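For reference, the structure is listed below as structure tokens.
The values are calculated or read from the model by the stated rules, or taken from the named source; none is laboratory data. Since we're looking at a predicted model, the values are computed, not measured. Counting neighbours? That spans all protein chains shown, and the Cβs are built from the backbone with ideal geometry, glycine included.
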Amino acid sequence: MKVAELLVKCLEHEGVEYIFGVPGEENLDLMDALLDSPIEFIVTRHETSAAFMAGTYGRLTGKPGVCLATLGPGATNLVTGVANANMDQCPLIAITGQAGLNRQHKISHQYYDLISLYKPVTKWNAQVKTPGIVPEIVRKAYQVASEEKPGATHIDLPEDVAGMEIDAEPLPISPHALPQADESILQQAVQLIKEANQPIILAGNGITRGKASEALQTFALQARIPVVHSFMGKGALSWKDDLSLLTAGIGGNDYITCGFESSDLILAVGFDMAEYPPENWNPDRNTRILHIDTDDAETDSHYPVALNVVGDIKENLKELSAIIQPKDNPLEWVESIRKQALNELAEAADDEGFPVKPQKIISDLRNVLHDEDIVISDVGAHKMWMARMYHTTHPNTCLISNGLASMGVAVPGAIAAKMVCPERNVVAVCGDGAFQMTSAELETAVRLNLPIIILLWRDGGYGLIEWKQLRDFQRPAYIDFGNPDFIKLAQSYGFEAMQIEKADELKPALQQAIAMNKPILIDCPVDYDENMKLTEKLGQIDC
């Protein structure tokens, strides 16, 4: 068989369902081989979108999503989405076509050294320089992308090698299990918790990856320790639980800041520093950290680790639950924080202001969607509101990128999420700036007949940048842009579309969108004057 056919056979062996990408001249052999494969190739309208889709697939399934591009501009377009998956710790394999080996030693049309280009944004990468190494490269790419902590890997396939003949088979797949912490370490962890007067748990993305949310809930209830979530850890403990301190990470003051300030031990469980810099929640560096994760903690002066509990998060939490004694510390402060935060959402339910306030948009969205439905937030001012106020019951039901945090992720991500979870409603929450970066993928959603909902927060500018400019400089700079007629744009791609003209139209529109079960866009003007009002309000919090 050809090398390209062997590569496809190896991907089939690994259980790959989809490859997202844009074909090119240098991967013609690979595209032809896929015609005879059960793997479905999903043609996207931009390579970055392909990588966003693969990353979302990886985040939701735990299996590497696969994306493909040709050499040169195709490969450089793919980089942003690959970097996004890598920093969000979503398993992904990127495959790039490449110039033949016979012209890589000189300046050549569209040739760049992609191994060097992708090295900083992946866990591992390699070029297929000879036919016989394909099974090893695919097996290692899949293994490295999948193992904790997951991320991106990259395979570079020169066009002349892709067409060479080879007789080989995929390598066997060997399961990999994480170890558990030693009993002595677990006992030391229990002692640290016992000595603490007001411990809190900071729940990160690793809990979801490790399928440890149930174990965390058991541990938190057994120990009577409240839980605050990072943006990417949302849903580790249901927002309805009395121990849930909801979500932190907006920066600066917030209600939960009081909890961090008064805590003398923070149990960071499955937490990655890219999610929420420790200097934001441990500025004085005097609160000790009990680090519970699959790997030792990153070195950071604001993250003074008293003990590392390393290994399988779920199993280690189960062991801790079996030997921990409940804390008898008062938790009235938890009730106070929950009441203040949840009241904000409740008070917004009947707000009639127009353009619609962010709080009202989120209140209507939360009231309409089921607990298992999936919301994917793009990056912008709306992301801060969604992270803070869209409360979740289950992990992976509000997807927020907080590693690389690239704009444009929501629409491609919603497409992949609907492919993975067709039985759930999937909503992409986008600002108008981020939406236009990947709006061409509306055609992809229509072509694949995927009934996703796009909830567009329209303000005609880069709202998050303006928010920070007003906070730091008291005036905006270069954030305004023009918009197309989003209703006509969506309809031209085959989407249904609704225009919100009064605040009380949004909730019925969302309900109608769900009932229609078609690709649909809802254009909702948003009042971002609320941004600075929130900044002022949070600045007045006195712990």
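Among the residues of region 340-357, is any part of a helix (DSSP H, G or I), more than 28 Å from the chain's Cα centre (by Cα), within 30 Å of Gln188 (Cβ to Cβ) and of a type outside the set (A, V, I, L, M, F, W, C)? No, region 340-357 has no match at all. Just one residue in the set Lys106, Lys129 is assigned to a loop (DSSP other than H, G, I, E, B), without any contact (Cβ under 8 Å) to a residue 12 or more places away in the chain and more than 27 Å from the chain's Cα centre (by Cα); that residue is Lys106.
Go through region 358-373 and count every residue that is out of contact with any Cys (no Cβ under 8 Å at 6 or more places or on another chain), closer than 20 Å to Gln512 by Cα and either among the β-branched types (Val, Ile, Thr) or not in a loop (DSSP other than H, G, I, E, B) (or both). Of the residues in that region, 8 qualify. Taking the criterion of being assigned to a helix (DSSP H, G or I) and within 23 Å of Lys234 (Cβ to Cβ), would at least one residue in region 291-310 satisfy it? There is no residue in region 291-310 that is assigned to a helix (DSSP H, G or I) and within 23 Å of Lys234 (Cβ to Cβ).
Here Asp371 does not qualify as at pLDDT below 95, of a type outside the set (Lys, Arg) and more than 25 Å from Glu443 (Cα to Cα). Of the residues Ile324, Ile292, the single one that is among the aliphatic types (A, V, I, L, M) and more than 25 Å from the chain's Cα centre (by Cα) is Ile324.
Number of residues in region 393-405 that are more than 21 Å from Ala236 (Cα to Cα) and either assigned by TED's automatic domain parsing to the domain that holds Ala248 or at pLDDT 95 or above (or both): the value is 0.
Quick check on my filter: what residues within region 376-385 are of a type in the set (A, V, I, L, M) and under 11 Å from Cys430 (Cβ atoms)? Before you say what the answer is, go through the steps one by one.
Going through region 376-385, the residues of a type in the set (A, V, I, L, M) turn out to be 376, 379, 381, 384.
Of everything in region 376-385, those that are of a type in the set (A, V, I, L, M) and under 11 Å from Cys430 (Cβ atoms) turn out to be Ile376, Val379.
I'd like the residue in region 292-318 that is in contact (Cβ under 8 Å) with a residue 24 or more places away in the chain and of a type in the set (Ser, Thr, Tyr) and, out of all such residues, is farthest from Pro199 (Cα to Cα). So the residue we want is Thr294. Cβ-Cβ contacts under 6 Å between residues 6 or more apart (or on different chains), taken from a first residue in region 492-519 that is under 14 Å from Leu450 (Cβ atoms) to a second residue that is assigned to a helix (DSSP H, G or I) and not β-branched (Val, Ile, Thr), are listed as Tyr493/Leu442; Tyr493/Glu443; Phe495/Leu442; Pro519/Ala445.
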